[in-house]
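Note sheet for the following structure.
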Amino acid sequence: QVQLVETGGGLVQPGGSLRLSCAASGTIFSINAMGWYRQAPGKERELVAIAATGGTTNYAESVKGRFTVSRDNAKNTVYLQMNSLQAEDTAVYYCNVNARIRAWVVAGNYWGQGIQVTVSS
């Protein structure tokens, strides 16, 4: 199976920056999209940003211009650079990877354990 390990969360003041990383390991034949979701208390999980294999990216409207998603395919790692953080960005951030573990197996979605990002003064 696929294991995802997220790092880089924490507490930051409004206007500050954080960089999240998510490394995928395990039995991986190929990786399609890699991205980030988040879930704030009392809210549903929402897409933050996603990077497709070919380099296409997609962002939630609320983070456009502030967050940047990127990936290092050689390291099976996806990053989320978060700038100009606001209190509304406080949430648990989850890494999501769509990957195939064998050539003949349909790709599946895999989730990280989640990492807390808190924006507060």
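The values are calculated or read from the model by the stated rules, or taken from the named source; none is laboratory data. Keep in mind that what you see is a predicted model, and the values were worked out from it rather than measured. Every residue, glycine as well, gets a Cβ built from its backbone with ideal geometry; the counts of neighbours run over all protein chains shown. The accessibility values were calculated without ligands, DNA or RNA, using every heavy atom of the protein model including side chains. Shrake-Rupley method; radii C 1.70, N 1.55, O 1.52, S 1.80 Å.
Return the residue satisfying two criteria in turn: it lies in the stretch 62-85 and is open to solvent by less than 50 Å² (accessible area, probe 1.4 Å) and in a loop (DSSP other than H, G, I, E, B), and of such residues it is nearest to Gln3 (Cα to Cα).
This residue is Asn76.
Only one of these conditions is not met by Glu88: (1) within 14 Å of the chain's Cα centre (by Cα); (2) outside any strand (DSSP E or B). Which number is it?
With (1) within 14 Å of the chain's Cα centre (by Cα); (2) outside any strand (DSSP E or B) applied to Glu88, the lone miss is (1).
Is it the case that Tyr93 is buried (at least 19 other Cβ atoms within 10 Å of the Cβ) and within 11 Å of the chain's Cα centre (by Cα)?
Considered against the rule, which asks whether it is buried (at least 19 other Cβ atoms within 10 Å of the Cβ) and within 11 Å of the chain's Cα centre (by Cα), Tyr93 comes out as yes.
Among the residues of the stretch 100-110, is there at least one that is surrounded by 14 or more Cβ atoms within 10 Å (Cβ to Cβ), modelled with pLDDT of 95 or more and among the hydrophobic types (A, V, I, L, M, F, W, C)?
Within the stretch 100-110, not a single residue is surrounded by 14 or more Cβ atoms within 10 Å (Cβ to Cβ), modelled with pLDDT of 95 or more and among the hydrophobic types (A, V, I, L, M, F, W, C).
Take the residues in the stretch 13-41 that are modelled with pLDDT of 95 or more, assigned to a loop (DSSP other than H, G, I, E, B) and not hydrophobic (A, V, I, L, M, F, W, C); name whichever of them is most open to solvent (accessible area, probe 1.4 Å).
Gln13
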